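Working notes, structure below.
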Amino acid sequence: MKKRFGKDFYYALRMTLPVMAGYVFLGMTFGLLAKSEGFAWWVPVLMSLVIYSGALEFAAVPLMGSFDPIGALLLGIMLSARHLFYGIPMLKKYEGTKMAKPFLIFGLTDETFSILSTAEPEDGVNPSKFYVLVTLLDYIYWVSGTLVGAILGTAINLNLEGLDFVLTALFVVLFIEQMKTKSGILSGIVGVAASAVSLIAFGKTYFIVISMAMIASVLFAGKKVIDRE
Amino acid sequence: MSELQILVMIAILGFGVALTRFLPFLVFKNTKKLPKAVEYLGKVLPAAMMGLLVVYCLKDCNFGEAGEVIPLVISVAAVAGVHLWKRKAVLSIAVGTVLYMVLIRVIPLIAV
């Protein structure tokens, strides 16, 4: 029993190594930034525990200077809209996860979604356990990175600029893996093309929501060609 | 802001994110058999969203600046190349990341 768990844990750890590097580094950067903006150490840590979304947490730092609940809600929904599309592929996968389901959904970040929607658990590994381990490990990386950054502050003086590329690289790798699936080639091309066009046409702030609408419309319009299974 | 106000702000931000993560599951909570359209989306969305995430990661690059563009293009190509060749995720990611960290320090010194 113990040995079995060790093997499952090791597998999940191996799958999440790039996320570990990216989250610990970015979490530290976030903790450091919040501290340099004058917040107490527990503020960034609590944000990482409760919000658990890197993009939003960084964007929220300037917002935390004044009390603006409506602004916070709008920013939270706008910047997280892409998550609406992460649930759909996971509806089936998470069907048998019982008690763990709320936690799995809470922890469905870009990176956790990317890994779990692409990777299958190893033979003999209980899928639910694999999903929980990956989600939990990613959460621990992010929160502990934030904690270290918030406590040590500027005492850390390592020049690790560029380490965040590890997450870009992770998405490139998982994109290639997705392209190797039957219906993945065309839908992958749709994803890149729609996002690139809308980034150029509409700019950084709004392109995600517009890309999502474009992706969904093209995927439906091209269903006959794209759906090959 | 007072501590209470900070706590309220964090709770609201957390609620906003959680709403977007939980909504698909809440909508189909009691559905025994998913509609065909949703099942189809579930199958094709991961590849499309991975494409979106790749573009998302490149969005902050200043494309007029050679010192930024060159390291990014070379490193992304290296990740893709190594992955298509060996298909070992950790290897492709490690090679690309180390290369990127070196290039962003070296290229600005050379590029005019």
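Quick notes on this one:
- Subset of segment A:138-161 (residues that are farther than 18 Å from residue A:45 by Cβ and either of a type in the set (A, V, I, L, M, F, W, C) or crowded, with 20+ Cβ neighbours inside 10 Å (or both)): A:158, A:160
- The listed residues are A:225, A:190, A:197, A:209, and the only one of them that is at the interface with chain B (Cβ under 7 Å from one of its Cβ atoms), of a type in the set (Val, Ile, Thr), in contact (Cβ under 8 Å) with a residue 12 or more places away in the chain and part of a helix (DSSP H, G or I) turns out to be A:190.
- Scanning segment B:16-36 for residues that are part of a helix (DSSP H, G or I) and at the interface with chain A (Cβ under 7 Å from one of its Cβ atoms) returns B:16, B:17, B:18, B:19, B:20, B:21, B:22, B:23, B:24, B:25.
- Yes/no for residue B:100 being in contact with a Leu (Cβ under 8 Å, 6 or more places away or on another chain), surrounded by 20 or more Cβ atoms within 10 Å (Cβ to Cβ), within 27 Å of residue A:207 (Cβ to Cβ) and of a type in the set (Phe, Trp, Tyr): yes
- For beta carbons closer than 9 Å, sequence separation of 6+ or different chains, a first residue in segment A:46-68 that is of a type in the set (S, T, N, Q) and a second that is in a loop (DSSP other than H, G, I, E, B), the qualifying pairs are A:53/A:109; A:66/B:1.
None of the figures in this text is laboratory data; all of them are computed from the coordinates on show. Because the structure is a prediction, the values reported are computed rather than measured. Glycine also receives a Cβ, built like all others from the backbone with ideal geometry; neighbour counts cover every protein chain displayed.
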